[in-house]
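**Student:** One structure coming up, written as C-alpha cells, with questions to follow.
The values are calculated or read from the model by the stated rules, or taken from the named source; none is laboratory data. Since the model is a prediction, treat every value here as computed from it, not as a measurement. Cβ coordinates were reconstructed from backbone atoms using ideal geometry, including for glycine residues, and neighbour counts include every protein chain displayed.
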Amino acid sequence: MSVQGPQQVLELAKVGRTFGEGATAVAALRDVHLTISAGEFVAVMGPSGSGKSSLLAVAGGLDRPTSGAVYVESTPLAGLRLNELARLRRRAVGYVFQDFNLVPTLTAAENVALPLELDGISARKAHRQAADALRQVGIPELADRFMDQMSGGQQQRVAIARAIVGKRRLILADEPTGALDSTTGQGIMEVLRARADAGAAVMLVTHEPRHAAWADRVVFLRDGRIIDQAAAMHDPTMLLTQAGL
C-alpha cells in the first residue's frame, strides 16, 4: 500500500509579476517555482525590493501574476471570478498585512470575526472563534476596544488573530512582528509554528534570522527570483551568508 505525503496547499508555477510596460517595466517576480505543503512553515527572506511582498500578494490572490499560475489546494486562482476568489480567501487564506488593514469602526473582536460572518457563520459562533484567536495572540482583554484605543503592537496582534481565526489552510504573514517587542514577537512565532504543526501551510516574510529559525525551510529571493532555499537551522545567518544576502 502506497503512503501519500502531505497535501500540497500552495503552488506557484513559473510565476512572474511585472509592473508597468516598455522601458519603465519593473519585474517584481521572475519565473518563481514554489510549493508549500500542509503542516509546512516556510520563511521568505531577501533584501528590500527583492519581491517578498509581491510574492505574498500573488500567493494569496490579492494580485494577479503576469505569467505563470497559482494554485491554492489545487484550485487555479486564474480561473476564479472575483466573488469566487473572495470566498476562497475568506475560507482558506489568512493574510497578515504590514499595515494591518483593520476596520477602525469595529472592535478587535468584530475585526477578527468579520471574515467568518461574511462567510455566513453565525455572529455568536464567529465571536466565540474570534475570542479564541485573540487569546492565542495574548490580548483577550482587548476584545471590545477600538483601533484608536490600541498601540501599534496591539493592532498588529489583532491583525494576526484575524489571519488565524477559523480553519484557514494557508496563512501568509508579511513581517508580522514588525511593531512588536522581542518577547511578544517570540509569542507570535510560537502561534504560527503551532498552526503549521496543526496542519496549516504557513509562509512568513521576515528580515529577522531568529524568526526564520522557526520555519522548516527558508527561501531566499533576490531581484524577484528564488536564488536558494534550504532547511532552516538554529542560526539562519549562516544561510544568509551562503546565499550572499
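**Student:** Of all the residues that make up segment 65-78, how many are without any contact (Cβ under 8 Å) to a residue 40 or more places away in the chain and touching a strand residue (DSSP E or B) at 6+ places or on another chain (Cβ under 9 Å)?
**Tutor:** Initially, segment 65-78 is screened for residues without any contact (Cβ under 8 Å) to a residue 40 or more places away in the chain, giving 75-78.
Keeping just the survivors that are touching a strand residue (DSSP E or B) at 6+ places or on another chain (Cβ under 9 Å) gives 76-78.
Number satisfying all stated conditions: 3.
**Student:** Does residue 241 qualify as being over 24 Å from residue 138 (Cα atoms), at pLDDT below 90 and in a helix (DSSP H, G or I)?
**Tutor:** Answer is yes for this residue.
**Student:** Check off (1) closer than 17 Å to residue 139 by Cβ; (2) touching a Leu at 6+ places or on another chain (Cβ under 8 Å); (3) among the β-branched types (Val, Ile, Thr) for residue 171 and give me the number that stays unchecked.
**Tutor:** Just one mismatch for residue 171, condition (1).
**Student:** Which residues, taken from segment 1-31, are touching a residue at least 40 places away in the same chain (Cβ under 8 Å), out of contact with any helix residue (DSSP H, G or I) (no Cβ under 7 Å at 6 or more places or on another chain) and either within 21 Å of residue 217 (Cα to Cα) or of a type in the set (S, T, N, Q) (or both)?
**Tutor:** 7, 8, 9, 11, 13, 14, 18, 30, 31
Here's the yes/no breakdown for (1) polar (S, T, N, Q); (2) without any contact (Cβ under 8 Å) to a residue 24 or more places away in the chain:
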residue	(1), (2)
109	no, no
123	no, yes
128	no, yes
141	no, yes
149	yes, yes
160	no, no
169	no, no
188	no, no
196	no, no
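Residues checked against (1) charged (D, E, K, R); (2) part of a strand (DSSP E or B); (3) on the phi < 0 side of the Ramachandran plot; (4) within 12 Å of the chain's Cα centre (by Cα):
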{"site": "18", "(1), (2), (3), (4)": "no, yes, yes, no"}
{"site": "29", "(1), (2), (3), (4)": "no, yes, yes, no"}
{"site": "34", "(1), (2), (3), (4)": "no, yes, yes, no"}
{"site": "39", "(1), (2), (3), (4)": "no, no, no, no"}
{"site": "43", "(1), (2), (3), (4)": "no, yes, yes, yes"}
{"site": "47", "(1), (2), (3), (4)": "no, no, yes, no"}
{"site": "50", "(1), (2), (3), (4)": "no, no, yes, no"}
{"site": "53", "(1), (2), (3), (4)": "no, no, yes, yes"}
{"site": "61", "(1), (2), (3), (4)": "no, no, no, yes"}
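**Student:** Does residue 159 fit the bill of being touching a strand residue (DSSP E or B) at 6+ places or on another chain (Cβ under 7 Å), in a helix (DSSP H, G or I) and surrounded by 23 or more Cβ atoms within 10 Å (Cβ to Cβ)?
**Tutor:** Considered against the rule, which asks whether it is touching a strand residue (DSSP E or B) at 6+ places or on another chain (Cβ under 7 Å), in a helix (DSSP H, G or I) and surrounded by 23 or more Cβ atoms within 10 Å (Cβ to Cβ), residue 159 comes out as yes.
**Student:** Would you kindly identify the strands (runs of 3 or more DSSP E) lying entirely within segment 165-238 that contain at least 3 residues that are modelled with pLDDT under 90?
**Tutor:** Qualifying strands (runs of 3 or more DSSP E): 225-231.
**Student:** Go through segment 170-199 residue by residue and tally those that are crowded, with 18+ Cβ neighbours inside 10 Å and within 15 Å of the chain's Cα centre (by Cα).
**Tutor:** 14
**Student:** Return the total of residues in segment 121-147 being part of a helix (DSSP H, G or I) and either at pLDDT below 95 or not acidic (Asp, Glu) (or both).
**Tutor:** Residues in segment 121-147 being part of a helix (DSSP H, G or I) and either at pLDDT below 95 or not acidic (Asp, Glu) (or both): 16 in total.
**Student:** Next up: With 125, 167 as the choices, which residue is within 16 Å of the chain's Cα centre (by Cα) and among the charged types (D, E, K, R)?
**Tutor:** Going through 125, 167 in turn, just one is within 16 Å of the chain's Cα centre (by Cα) and among the charged types (D, E, K, R): 167.
**Student:** Only one residue in 41, 100 is at pLDDT below 95, within 30 Å of residue 209 (Cβ to Cβ) and not hydroxyl-bearing (Ser, Thr, Tyr). Which one?
**Tutor:** Just a single option satisfies the conditions, and that option is 100.
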